[in-house]
Amino acid sequence: MNAASRQPRRARPVTAPAPPEHPPRVAQILAAARAVLTAEGSDALTMRRLAAELGIRAPSLYKHLPGKPAVTEGLVAIALAELSAVLHDSVRRARRGREVAALLRAYRAWALAEPNLYRMASGGPVPRDALPSGLLRWAAEPFHLVAGEPALARALWSYAHGMIMWELDGRQPSGPELDATWSAGAAAFQAARRPT
C-alpha cells in the first residue's frame with residue numbers, strides 16, 4: 001500500500017447553509033425565546049412565559065408556530081449555526097500546528113458564553129428533519145478539517161462536549177487545572193490528527 005492510498009479522502013468543502021428565512025413574527029418569537037432561555041433557563045421557557053414576554057396571549061403563538069417543539073427546533077438551529085460559524089472562523093485563523101487548540105478554545109468560549117442555548121442544542125436527540133438542509137454537515141466540518149478523518153473528528157467533538165458539560169456542571173475544578181486539561185486534550189488530538 002503506497003502513501004497516497006493511506007491518506008484519508010478529502011471531502012469537498014461544505015458551504016454554509018442559508019439561514020432559515022422566518023416571517024418577521026416568527027423571528028420575533030424566536031428572539032424572545034432566546035432571551036428567556038438566556039436569562040432564566042430552559043425550565044422558564046414555556047409558551048405562556050413566551051407570550052407574556054411578547055405581550056400577547058399564549059394561544060396567539062400557535063398562529064405562528066405549532067408548539068414548544070418548534071420553538072426548541074428554531075433555537076437549536078440558531079445555536080448550531082452560530083457555533084459553527086465561530087468554529088469555522090477559528091479553524092481558518094488557526095496557526096499551523098495549533099488548529100485543534102484554536103477549535104477547542106472557540107468551542108469552549110461560545111458554550112460558556114451561551115450555556116443555556118448550548119445545553120438546549122446539545123441535549124437530547126437532534127431534530128434533524130427540522131434543521132436547515134446542510135446545517136449538521138456544516139457543524140461537523142470544523143472537526144473534520146482539524147482531525148483529518150471521521151472517527152477522530154467524532155472523538156474530538158465528543159471530547160469538547162464532555163469537557164464543556166463537566167465545566168458547566170461544575171464537575172471539574174476551575175482555574176489552572178481545568179485549563180491544563182483542555183490544553184492536554186488539544187495536544188493529544190493535535191498529535192493524533194491526519195493533515196488534510
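Observations on the model:
- Unit charges on C-beta of K, R, D, E only; dipole of the chain, Debye: 640
- Dipole of the stretch 17-192, positive end: most advanced residue of PRO127, SER183, SER158 [Cβ charges, Cα centre]: PRO127
- Shape category assigned to the stretch 69-196 from the gyration tensor of Cα positions, a/c cut at 1.5: oblate
- From helices alone, the chain scores -21000 deg cm²/dmol at 222 nm; the rule is -39500 (n - 2.57) for each run of n ≥ 4 DSSP H residues, then divide by the residue total.
- Relative contact order of the chain, pairs being alpha-carbon contacts under 8 Å that are 6 or more residues apart, as %: 26
- Among the DSSP helices (H) of the chain, those spanning at least 30 angstrom by Cα along their long axis with an average Kyte-Doolittle hydropathy of -1.0 or more are 68-93; this is a geometric and hydropathy rule only.
Read-outs throughout are calculated quantities, based only on the coordinates presented, and are distinct from any laboratory measurement. Treat the numbers as computed from the prediction; the structure is a model and nothing was measured. Counting neighbours? That spans all protein chains shown, and the Cβs are built from the backbone with ideal geometry, glycine included.
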